[in-house]
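In what follows, a structure is listed as structure tokens, so that the remarks can point back to it.
The values are calculated or read from the model by the stated rules, or taken from the named source; none is laboratory data. What you see is a predicted model; the values in this text were computed from it and never measured. Methodologically, a virtual Cβ is constructed for each residue, glycine included, from the backbone with ideal geometry; neighbour enumeration extends over all protein chains shown.
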Amino acid sequence: MIELTHVSKCYGKESILNDLSAMIEKGKLTACVGPNGAGKTTLLEMISRLNRTDSGEIYINGGEVNEWNSGNLAKTLSILKQSNQFTMRLTIKELVSFGRFPYTKGKLNEYCHEVIERSLVQVGLLEQADQYIDTLSGGQLQRALIAMVLAQDTEYILLDEPLNNLDIKYSIQLMKIIRELVDVFGKTIITVIHDINFASAYADNLIAMKDGKLFASGPVNEIINAETIQSLFDTEVEVIERKGKKVILYY
Ligand SMILES: Nc1ncnc2c1ncn2[C@@H]1O[C@H](COP(=O)(O)OP(=O)(O)OP(=O)(O)O)[C@@H](O)[C@H]1O
Ligand SMILES: [Mg+2]
């Protein structure tokens, strides 16, 4: 479980996260939703210790994040960032191999090669494994980055807009992979997602953020209704139900 208690963060005078307390349930898929600038990326950065809180605590399996040993944290929690830049010329396979670094410090063993291959198969890039990443389409690069996170094989996986650049086929495929990681492999996954209907169809729980504050949280079916979604996004929506899932209509 991940527990956040009274987490706050300011940049200058601007409050980015404001006294945020939340629980991320173990073995579940939690979708983090909310308008642009709400603080979703900042929240994921705090949980993964890429960024420091000003106050408040974040507990991962009971240990405060700042007290975790870096090596152990990298074997426990991985993050797919919203934007990624590379200065090196790498093949897909080399990129995905970085996911094994916490275990091997660069010396890949036989098990690593198995995990890397499995990750490439999962995202449908095995045949392009030797292609350079600077020659990939946006969606292929996104899938390669996801394979790197899969290769890290951690208990907690944080994904910041993993559907970026993916077409509908690969979006659905990725949501199914994420679900399988939770249901079959027992992972705990938090994903920032803008498509509220993907959140509704696939997630167990929602964390809705607005203006750096927790706006609502709980099981998807309890949180999603027209009133909540409308005031979260300041946008008129209609919510209908189909096959037991809520579908949000907006134009
Ligand atoms: N390093 C920084 N310095 C100053 N302000 C920052 C910094 N990083 C983020 N912010 C501000 O913090 C706020 C929250 O940013 P964040 O990236 O967490 O939002 P988000 O919810 O992920 O938005 P999006 O949906 O657009 O990705 C924004 O107003 C942003 O401008
Ligand atoms: Mg963001």
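If we scan segment 205-212, do we find a residue that is modelled with pLDDT of 95 or more and either surrounded by fewer than 17 Cβ atoms within 10 Å (Cβ to Cβ) or within 21 Å of F86 (Cα to Cα) (or both)? Quick ask: steps written out before the conclusion?
Going residue by residue through segment 205-212, those that are modelled with pLDDT of 95 or more are 205-212.
If we keep only those that are either surrounded by fewer than 17 Cβ atoms within 10 Å (Cβ to Cβ) or within 21 Å of F86 (Cα to Cα) (or both) as well, we get 211.
Within segment 205-212, one or more residues are modelled with pLDDT of 95 or more and either surrounded by fewer than 17 Cβ atoms within 10 Å (Cβ to Cβ) or within 21 Å of F86 (Cα to Cα) (or both).
Specify which of the listed residues (K28, K75, K107, K93) is within 30 Å of F215 (Cβ to Cβ) and among the basic types (K, R). Quick ask: steps written out before the conclusion?
Details: K75 fails: within 30 Å of F215 (Cβ to Cβ); K107 fails: within 30 Å of F215 (Cβ to Cβ); K93 fails: within 30 Å of F215 (Cβ to Cβ).
When all the criteria are applied, what remains is K28.
Looking only at residues in segment 184-207 that are part of a helix (DSSP H, G or I) and over 14 Å from the mean Cα position of the chain (by Cα), which one is farthest from ligand 2 (Cβ to nearest atom)?
Taking the candidates together, the pick is A201.
Return the pairs, sorted by first residue and then second, in which the second residue is part of a loop (DSSP other than H, G, I, E, B) and within 16 Å of ligand 2 (Cβ to nearest atom), the first residue lies in segment 40-64 and is more than 20 Å from S217 (Cβ to Cβ), the beta carbons are less than 9 Å apart, and the residues are 6+ apart or on different chains.
L50/K81
Name the residue that is nearest to V65 (Cα to Cα), counting only residues in segment 17-41 that are within 15 Å of ligand 1 (Cβ to nearest atom) and surrounded by fewer than 21 Cβ atoms within 10 Å (Cβ to Cβ).
A22
Picking from L150, L174, L166, which residue would you name as being away from ligand 2 (no atom under 16 Å from the Cβ), free of Cβ contacts under 8 Å to residues at least 60 places away in the same chain, within 27 Å of F86 (Cβ to Cβ) and surrounded by fewer than 21 Cβ atoms within 10 Å (Cβ to Cβ)? It would help to see each step written out before you state the result.
On the way: L150 fails: surrounded by fewer than 21 Cβ atoms within 10 Å (Cβ to Cβ); L174 fails: surrounded by fewer than 21 Cβ atoms within 10 Å (Cβ to Cβ).
Result: L166 is the single residue among L150, L174, L166 that is away from ligand 2 (no atom under 16 Å from the Cβ), free of Cβ contacts under 8 Å to residues at least 60 places away in the same chain, within 27 Å of F86 (Cβ to Cβ) and surrounded by fewer than 21 Cβ atoms within 10 Å (Cβ to Cβ).
How many residues are touching a residue at least 12 places away in the same chain (Cβ under 8 Å) and surrounded by fewer than 16 Cβ atoms within 10 Å (Cβ to Cβ) when one looks only at segment 125-136? Step through it out loud before you land on a result.
As a first pass, look at segment 125-136 and keep what is touching a residue at least 12 places away in the same chain (Cβ under 8 Å): 125, 128-134, 136.
Filter again for surrounded by fewer than 16 Cβ atoms within 10 Å (Cβ to Cβ), leaving 130-132, 134.
Within segment 125-136, residues that are touching a residue at least 12 places away in the same chain (Cβ under 8 Å) and surrounded by fewer than 16 Cβ atoms within 10 Å (Cβ to Cβ) number 4.
Is segment 1-10 home to any residue that is in a loop (DSSP other than H, G, I, E, B), touching a residue at least 60 places away in the same chain (Cβ under 8 Å) and either of a type in the set (V, I, T) or within 14 Å of ligand 1 (Cβ to nearest atom) (or both)?
No, segment 1-10 contains no residue that is in a loop (DSSP other than H, G, I, E, B), touching a residue at least 60 places away in the same chain (Cβ under 8 Å) and either of a type in the set (V, I, T) or within 14 Å of ligand 1 (Cβ to nearest atom) (or both).
Would you check which residues across segment 14-54 are in contact with a Gly (Cβ under 8 Å, 6 or more places away or on another chain) and part of a loop (DSSP other than H, G, I, E, B) and list them?
Once the filter is applied, which keeps residues that are in contact with a Gly (Cβ under 8 Å, 6 or more places away or on another chain) and part of a loop (DSSP other than H, G, I, E, B), segment 14-54 yields G27, A38, G39.
What's the number of the condition Q82 fails, among (1) within 18 Å of the chain's Cα centre (by Cα); (2) buried (at least 16 other Cβ atoms within 10 Å of the Cβ)?
All conditions are met except number (2).
Only one of G39, G56 is at positive phi and within 13 Å of ligand 2 (Cβ to nearest atom). Can you tell me which?
Answer to the selection: G39.
Counting only residues that are assigned to a helix (DSSP H, G or I), under 18 Å from I196 (Cα atoms) and in contact with a Lys or Arg (Cβ under 8 Å, 6 or more places away or on another chain), which one in segment 126-183 is nearest to ligand 1 (Cβ to nearest atom)?
Taking the candidates together, the pick is L174.
Do the conditions hold for S119, that is, is it under 25 Å from G186 (Cβ atoms), of a type in the set (S, T, N, Q) and either in contact with a Leu (Cβ under 7 Å, 6 or more places away or on another chain) or part of a loop (DSSP other than H, G, I, E, B) (or both)?
Considered against the rule, which asks whether it is under 25 Å from G186 (Cβ atoms), of a type in the set (S, T, N, Q) and either in contact with a Leu (Cβ under 7 Å, 6 or more places away or on another chain) or part of a loop (DSSP other than H, G, I, E, B) (or both), S119 comes out as yes.
Output the residue which, of all residues in segment 121-138 that are of a type in the set (S, T, Y) and modelled with pLDDT of 90 or more, is nearest to L150 (Cα to Cα).
Y132
Restricting to segment 208-251, what's the tally of residues that are over 22 Å from the mean Cα position of the chain (by Cα), on the phi < 0 side of the Ramachandran plot and of a type outside the set (A, V, I, L, M)?
Total meeting the criteria: 12.
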